[in-house]
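Okay, so here's the structure we're looking at.
Please treat every number below as a calculation from the coordinates, not as lab data. Predicted model, so just to flag it, every value in this text is computed and none were measured. For neighbour counting, all protein chains shown are included, and Cβ atoms are generated from backbone atoms with ideal geometry for every residue, glycine included.
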Amino acid sequence: MDFNLTGDQRLLKEAVERLLADTYDFAQRKSLLAEPDGWSRTQWQRFADMGLLGLPFAESDGGFAGGPVETMIVMEAFGNALVVEPYLPTVLLGGGFLRLAGSDEQRQRLIPRIIDGSLLMAFAQAEPQSLYDLFRVETRARRVGGAWVIDGHKRHVLHGDSADVLVVSARIDGASNDTEGLALFLVDATAPGVTRRGYRLQDHTRAAEIRLENVRVENDAVLGQPGHAFPIITRVVDSTIAALCCEAVGVMANAHERTIEYMKLRKQFGATLGSFQALQHRAVDMFVQLELARSIAMYGVMSCEDTDPQACSRAVSATKVQIGQSARLIGQESLQLHGGIGMTEDYPAGHYFRRLTMIEMLFGDTSYHLAALAEAGGGWRTGRRLEFF
């Protein structure tokens, strides 16, 4: 496999990093968090103007036909800067469902609005009883005349309090733990019967509790074939997890870099921390985990192009396991090597650790994906075995 970026990919990387360096240092990020939405619509428009919101969409839908490598580049840069704008729920989740399951009319109506920055989306999937299982859905949708009526309770909807359109998973048939009988609906977030309670997560990003009571949607709001949505949900979430792991690599790289710089400057007993051999060993352990995470993130992203969905899911679970292990070590070592200052609100180290903690929990923690990988028979794909199992 060729790990070198193409000319266009290098230009994308440089452009994104330059934009974030100019507009997204730690002090500027704090001011963005204080805005009413908990993020900046001005910054969101900058992403739109640069074409980042249209990156994964086909040219026929007005996008730039970017692949997994382009997504990896953007997400790693976003992680490095701790970007709080709703790129993941709008472009990767909402946009992913439109790309894979949207009708021609749905794509033509909604994707151009995502690309120009005027439409925000969120995926309303998790429920109080579901834990991390994508198929455990009790929200119900029933036919009433020529439309559907949805009732249910969704939780931990990323940026659900500012979304314009919700992608809602609901059961039209079967028990609450069946993989069959699921459907996806495009729901106006301001429709009658939709109530939202927004809140801030521990890493200062936003989420919402959403209740749907007799919410009526028309037939043209259905994504894909009703009753057979689970494979689509799995595919989109797997791709999103892979992208999230790339974001984690960016977070870890920044945490490691900041820690090394701090060790060069901070003095104890008349010498810099970096001069103590025991601390040098801990910094090297951080670097080793960072490189392991970077390698497995590349593997996970490229595996999302696999035509075998089970192979893709296995690769993504393996990626999430290593990312979780690396994130824990790098985050903890970064705080410990910084000492007390690392825990303060006004210093970046704690914020990077918070984001790593949140990423480890999103869409299944390390233990969940390790169990899923074991149940699937380990980290096998096309005859090759992941070395760390």
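What the table below lists for this structure:
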{"quantity": "Alpha carbon centroid spacing (whole Å) that separates segment 37-113 from segment 233-264", "calculated": "18 Å"}
{"quantity": "Helix 230-265 vs. the chain, principal-axis angle (Cα, 0 to 90°, nearest 10)", "calculated": "20 degrees"}
{"quantity": "5 angstrom amide H check on Ala124, placed H, neighbours 5+ away", "calculated": "Val167, Val168, Ser169"}
{"quantity": "Glu375/Gln129 FRET efficiency (R0 22 Å; Cβ-Cβ; nearest 0.05)", "calculated": "0.60"}
{"quantity": "Gaussian network model of the chain, Cα within-10 Å springs - most flexible of Thr139, Thr259, Thr42", "calculated": "Thr42"}
{"quantity": "Estimated dipole of segment 7-116 in Debye, rounded to 20 [Cβ of Lys and Arg +1, of Asp and Glu -1, Cα centre]", "calculated": "160 debye"}
{"quantity": "Theoretical gain in end-to-end length, Thr190 to Arg140 [0.36 nm per residue, Cα-Cα removed]", "calculated": "16.1 nm"}
{"quantity": "Förster-model FRET efficiency, 41 Å R0, Asp116 and Asp306, C-beta, rounded to 0.05", "calculated": "0.80"}
{"quantity": "Cα long-axis angle, helix 348-361 against the chain (0 to 90 degrees, to the nearest 10)", "calculated": "40 degrees"}
{"quantity": "Rg/Rh for segment 9-79, where both radii come from Cα atoms and Rh is the Kirkwood radius", "calculated": "1.00"}
{"quantity": "Gaussian network model of the chain, Cα within-10 Å springs - most flexible of Glu17, Glu180, Glu261", "calculated": "Glu261"}
{"quantity": "Between 0 and 90°, nearest 10: helix 366-375 axis offset from the chain longest Cα axis", "calculated": "60 degrees"}
{"quantity": "Helical contribution to [θ] at 222 nm, DSSP H n ≥ 4, -39,500 (n - 2.57), averaged over the chain, rounded to 500", "calculated": "-16000 deg cm²/dmol"}
{"quantity": "Full-stretch length increase - Gln28, Ser60 - with 0.36 nm per residue and alpha-carbon distance subtracted", "calculated": "7.9 nm"}
